[in-house]
Amino acid sequence: MPLELVTVLKQRKFILNVGGKKYTTSIETLTRETNTFFTALFSGQCQLAIDPNDNSIFIDRNGQIFTHILE
């Protein structure tokens, strides 16, 4: 697991940049359901694009719609 990801995971709260819209959430919230994009993302199966300026994780999807996923 890359060092940046380990640092992000230890914080428990992190910033997601979804299509330019930033959300602060937790791994527990996003991995509540099994066999999803987020469980794969945080298991190390996917390559993460971490912004060096704010350590946000970039996801190239619609940021407006992502609000509904968090709900």
Test residue 66 against the criterion of being among the aromatic types (Phe, Trp, Tyr), modelled with pLDDT of 85 or more and surrounded by 12 or more Cβ atoms within 10 Å (Cβ to Cβ), and give yes or no.
-> yes
Cβ-Cβ below 9 Å, separation at least six or inter-chain, first residue in the stretch 28-51 and open to solvent by 100 Å² or more (accessible area, probe 1.4 Å), second part of a strand (DSSP E or B): which pairs?
-> 37/59
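The values are calculated or read from the model by the stated rules, or taken from the named source; none is laboratory data. Small disclaimer: the values here were computed from a predicted structure and weren't measured. Backbone-built Cβ (ideal geometry, glycine too); neighbour counts: all protein chains shown. To get the accessible areas, we keep the full protein, side chains included, count just its heavy atoms, and leave off ligands, DNA and RNA. Shrake-Rupley method; radii C 1.70, N 1.55, O 1.52, S 1.80 Å.
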